[in-house]
Amino acid sequence: MLDFINELAVLAGEESLKYFGKITKGDISGKATSKDLVSIADKAVEKLIISKINERFPGHDVFGEETGHAGKTSEYCWIIDPIDGTQSFVKHHPYYAVSIALYKNGKPYAAAVNIPALGRLYTAQLGKGAFENGEPIRISDCTELDEAACATGFARLRENKVEKVLEKFNRIVPELRSIQRCGSAASDLALTGAGIYDGYWEEGLQLYDVAAGVLIVQEAGGKVCDYNGKDNYPADGIVAGPAPIVEKLLDLLH
């Protein structure tokens, strides 16, 4: 399975690069309920991914950001964000990702996050570890916030829910060594799994934003939970990183 999801993510990344730096205003639309963007590339990449999955696993369910959920009968469900970080993508910023996850009986089983403009492919399979371009990765060994470079995003701000998000941001950031910003939750989680970031938090996300990145963090030895320390992510927010950093972030999120 890891070989297939690896190949699929590479193929989807190559498809996205055909459009990278070439998107015009006429190629972009906004989602009806938010400030999120959709480009012709999002649709093309998702179509490609779903076609390859249907060829190889015709009985599997598929849940794509752009196409929704097709089928609810299989123990396997593919969860796809064809271009996570469309704002970055349309601005020709390299931090966007193709995110593909396979869930088995409602739990992450295999995952890939491809950051094609940077040539970084992150993959994981349950019980088999996490990898960057085929090499094993591990979560950061950072334990203190004042030594930590942490990432966040502002999905909730696009829903005009500003006050609580910025209140939490203003509590956390002064405690950190530095704050990072990709504009792609999938990228943030993958980079956290690789130990490049020491922690990550965000709210207002959807399952397709985090489905692949969660398994990469977990298989790299990290912890993932919601803002209450439970498993109801991303509905109740998401926090990820080495356990000591996650616990300290949770303290500041309340």
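Would the range 63-75 turn up any residue that is under 23 Å from residue 233 (Cα atoms), of a type in the set (Val, Ile, Thr) and in a helix (DSSP H, G or I)?
So far as the range 63-75 goes, no, none of its residues is under 23 Å from residue 233 (Cα atoms), of a type in the set (Val, Ile, Thr) and in a helix (DSSP H, G or I).
Search the range 120-129 for residues being out of contact with any Leu (no Cβ under 8 Å at 6 or more places or on another chain) and among the small types (Gly, Ala, Ser), and hand back the single one that is farthest from residue 13 (Cα to Cα).
127
Need pairs with beta-carbon distance below 6 Å; first residue closer than 14 Å to residue 3 by Cα and within the range 110-129, second among the hydroxyl-bearing types (Ser, Thr, Tyr) and open to solvent by 20 Å² or more (accessible area, probe 1.4 Å); sequence gap 6+ or separate chains.
126/109
If residue 26 meets every condition in (1) at pLDDT below 80; (2) over 22 Å from residue 90 (Cβ atoms); (3) part of a helix (DSSP H, G or I) apart from one, which number is that one?
Result: residue 26 passes all but (2).
Could you list, in sequence order, the residues of the range 33-46 that are assigned to a helix (DSSP H, G or I) and either surrounded by 16 or more Cβ atoms within 10 Å (Cβ to Cβ) or at pLDDT 95 or above (or both)?
Scanning the range 33-46 gives 41, 42, 43, 44, 45, 46.
Could you grab me the full set of residues in the range 95-113 that are open to solvent by 10 Å² or more (accessible area, probe 1.4 Å), under 19 Å from residue 46 (Cα atoms) and either at pLDDT 95 or above or of a type in the set (A, V, I, L, M) (or both)?
103
Take the range 115-143 and flag every residue that is within 30 Å of residue 175 (Cβ to Cβ) and open to solvent by less than 80 Å² (accessible area, probe 1.4 Å).
Matches in the range 115-143: 115, 118, 120, 122, 124, 130, 132, 137, 139, 140, 142, 143.
Please find, within the range 72-93, the residue that is nearest to residue 28 (Cα to Cα) out of those that are in contact with a strand residue (DSSP E or B) (Cβ under 8 Å, 6 or more places away or on another chain) and open to solvent by 40 Å² or more (accessible area, probe 1.4 Å).
Here the residue is 87.
Can you tell me which residue among 150, 182 is modelled with pLDDT under 95 and buried (at least 24 other Cβ atoms within 10 Å of the Cβ)?
182
Taking the range 196-233 on its own, how many of its residues are closer than 25 Å to residue 62 by Cα, surrounded by fewer than 22 Cβ atoms within 10 Å (Cβ to Cβ) and not acidic (Asp, Glu)?
Summing the residues that are closer than 25 Å to residue 62 by Cα, surrounded by fewer than 22 Cβ atoms within 10 Å (Cβ to Cβ) and not acidic (Asp, Glu) in the range 196-233 gives 8.
The values are calculated or read from the model by the stated rules, or taken from the named source; none is laboratory data. No experiment lies behind these values; they were computed from the predicted model shown. Note that we place each Cβ from the backbone using ideal geometry, even for glycine, and neighbour counts take in every protein chain shown. Note: areas computed on protein heavy atoms with side chains; ligands, DNA, RNA excluded. Shrake-Rupley method; radii C 1.70, N 1.55, O 1.52, S 1.80 Å.
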